[in-house]
1. What accessible area per residue comes out for the chain, rounded to a whole number of Å², with a 1.4 Å probe?
2. Say each of Lys717 and Arg478 gets a label point 7 Å from the Cα, pointing the same way as Cα to Cβ; how far apart are those two points in nm?
3. Which angle between 0 and 90 degrees, to the nearest 10, do you get for helix 565-574 versus the longest principal axis of the chain when only C-alpha atoms count?
4. For the pair Asp667 and Lys569, how long in nm is the line joining their label points, each one 7 Å along Cα→Cβ?
5. How much net charge surrounds Glu583 when only other residues with a Cβ under 11 Å from its Cβ are counted (Lys, Arg +1; Asp, Glu -1)?
6. Can you tell me the dipole magnitude for segment 272-356 around its Cα centre, using point charges on the Cβ only (Lys, Arg +1; Asp, Glu -1), in Debye to the nearest 20?
7. Around His182, what is the net charge, scoring Lys/Arg as +1 and Asp/Glu as -1 over all other residues with Cβ under 11 Å from its Cβ?
8. Can you tell me what share of the DSSP beta bridges in the chain is antiparallel? A percent to the nearest 5 is fine.
Amino acid sequence: MKRGILSRYVLLTLFCTCSPILTAAQAGQAGKHLDLAELLAHTDRWLLVHVVDGHVLHHGKGQKSGDDRTVVHRIDTARADKPDTWTISSSDDPVYKSGKAPVRVARKTRGCDFAATVESWHDGHAVNKNPDHALEHWIYLEVPSPLHAGSTVSVSSGDLLPGEPALSLRYDVRSSRSEAVHVNLVGYPTSSPAKYGYVYSWMGDGGSLDVRGLQGRAFHLIERPSGAVAFTGGLKFRFAKESPETLQVQDSPPHGNYLKADVCECDFSAFSRAGDYVLSVEGVGCSFPFRIGDDVYREAFRTAVRGLYHNRSGIALKKPYTEFERPAPHNPLVTPGFKGKLVYTRSRYVDWKNGDHDDADRPAIVAGIAGPLEAWGWYQDAGDWDSYESHLTIPAILLLTWELAPGNFRDGELNLPESGNGIPDILDEAAWLPRFCRRLRAELIQKSYGTGGIGLRVCGDHFGGDGEGVPSYLDVQRQWIASGEDPWSTYRYSGVAAHLAWCFKKAGLTDPDKVDWAKEATEAWSWAQAHTREGDEAGRPSAGYPLRDARAYAAAALFRLTGEDGFQKRLAEDTSGVKADTELSDQARWGPWLHVLGGGPGTYDPELGGRLRSAVLRGCRRIAIETPSKRALRWGGNWAMPMLVGQQTTPWILEGMVGSALLEKSDPGQAREFRAGVVTTCDYFLGTNSLNMTWVTGLGPRHPREVFHLDAWCNGKGEPHPGIIPYGPWKKDRDTGAGPWDKEWANPTLHPRIDEWPGNERWFENRNAPMTAEFTIHQNTCFAAAAYGWLCGPAETPKRTR
């Protein structure tokens, strides 16, 4: 996400007209029924009434935010909170034959779909008198007597739930799904060293479900569809709700626990028979279905990595490669009206006041304009459409993933336009952005705009906003710029070009377009060396990280590729501050990672290699072994990372993959620990989380629905394309938000209040708020693709995907 997109969206909303609202009285038949009313068995002592009271009809292509329409039927929550509102009855359980009220009622409520409505303003905040969101309620009913297996239970509440005189279920722990039973919805690899499900629940004003009394209860893996018991184990207590799970305690107060619930675990690591199962827990219920198999992660990998394909710029997305079609945007050669709109400026983004967008930078940008460009084919950053140097993280991660598990990937499996060219599809996707860099560099040289470097800030932000209801391929009214050559962009391009050449060499392949990537890498390196300006080494605020980190990655990649010792010496100099106890993170990891993974014709310096290896393994243990051991659901990552930009949605677990590869032969036991850390981290993001959902659009039985993606809002399908991993839950900064674009906008809709909510559950499906509903391809999408791809089994015959 960029700071500019939020401000542009705010301005668009300020001038919208008020949204038409359809309440129950106004909407006729649409308001007579709730969107969802279901009865679930939470345990044998708790029933759960799950209600969604409406939805928003969102604006699309050619429409304004004021065209949003809200269709809701509010329920009386004061009545819902009273036990005497509810009657529990059963025709085959004598205890409930005459009907009984619950012992007590607990509830949590959240806004779950939001209009972009602004009716008026007061004291700097939007004010809407009419409904501008739907509500989702979880109403927990404590039953007077435990439910009996096989009994049918009905719950009625008078006219509280319109159109739903009674809700019923037949209670059977082998088939009655409980929101308290959590599994990876994608499944578990047969060879996984760790297979866990969990039992826990935060019940709003009812607090944590009491699971301590469940210790020792039996759990079963029930095979589907036969119903046979395939495995049996006993529940064990795992973590208390007061246990801290982060250094950032304030993100989920008072203890820094993201679940706010006691947790029991179901350990079935010893079970490895392939098949379809549910996890059934005596006295509770069962999970969503899941699979155990050699290649259960294939769908997750395909879905996530194809999220990158769907964010390619410059080409049309069309059948047979996708059902989510879109004309080619921002291509001066083919996009109608865009010819001449993209120009090159010699103004470097690293010299700007703000690397995103600041009007103060415009004079220097305009003064530096050299002329028009025909370059095309970057990645759209996120929900909007521009390019950053940071996007070179994507090819680096995809190339690393292929390098660590080349047998997991093949040509043709991702249904890309390049499929069938003899190159594994993951390498084709990895090459997408380097190919743009090569085209851009060649054009700059050919037109005498540049001398062999590149700059990768491509945007129109300084010349106008995106526009409401305007998809990317119609964004042709404003000027776009490609920033001036700079050493950060060029060193990183050198690194990924050398890395790509290495992977082709390792695979015994040649580039299908006959590109000499080694030559590209060395030429880019030479330009960056010769054009590092005074002050660059000291750092530029808009660059975001030291130049030495970009250069170290390129040096490591080039040394491995060529064996030339000068690159190793440069790497040693740039990593001279790295000691055995150094905490490596972000861009500082890449040079050391590639060097310690080794290979190539060069002679490795043992002192350098030993020093870097110690630091790398220390970081790997911290991220993939130590952190999971301190979290109830065993997910890894940086213990100090605040809850933002995907901390609750994205498997930032590359360290587990690298650590496993480094120790596979010398310490297979610890290599298994690293692999287990990757597996349990992915479990968290694919279903064992509080919401029982995958954090990937289009994947699994429950996934994000409302995300900030401007083209998706205009695709006419009513849903985004698969493969988006949103930022998700974000730490609270204020109690209330200024308007629908504000991440705090949903807070007043919550019961209990926001500070009582576990961090992991702070997802409100507010597509208007970029800080929670947006994503970036380099912070979220590529990390998910890497982790899920690494856990795939050996690649088999490809299947066509959406």
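The values are calculated or read from the model by the stated rules, or taken from the named source; none is laboratory data. The structure displayed is predicted, hence computed values, not measured ones. Quick reminder, even Gly has a Cβ in these numbers, built from the backbone with ideal geometry, and neighbours come from all protein chains shown. Note: accessible area is taken over every heavy atom of the protein model, side chains too, but ligands, DNA and RNA are not part of it. Shrake-Rupley method; radii C 1.70, N 1.55, O 1.52, S 1.80 Å.
1. Here the per-residue accessible area is 34 Å².
2. Reported label-point gap for Lys717 and Arg478 is 2.7 nm.
3. Roughly 50 degrees between the two axes.
4. 3.3 nm
5. So the environment of Glu583 carries a net charge of +2.
6. Working: 14 positive and 9 negative charges, 152 e Å.
For this selection, approximately 740 debye.
7. Numbers: positive: none; negative: Glu179, Glu265, Asp683.
Summing Lys/Arg as +1 and Asp/Glu as -1 gives -3.
8. Around 90 percent of the beta bridges assigned by DSSP in the chain are antiparallel ones.
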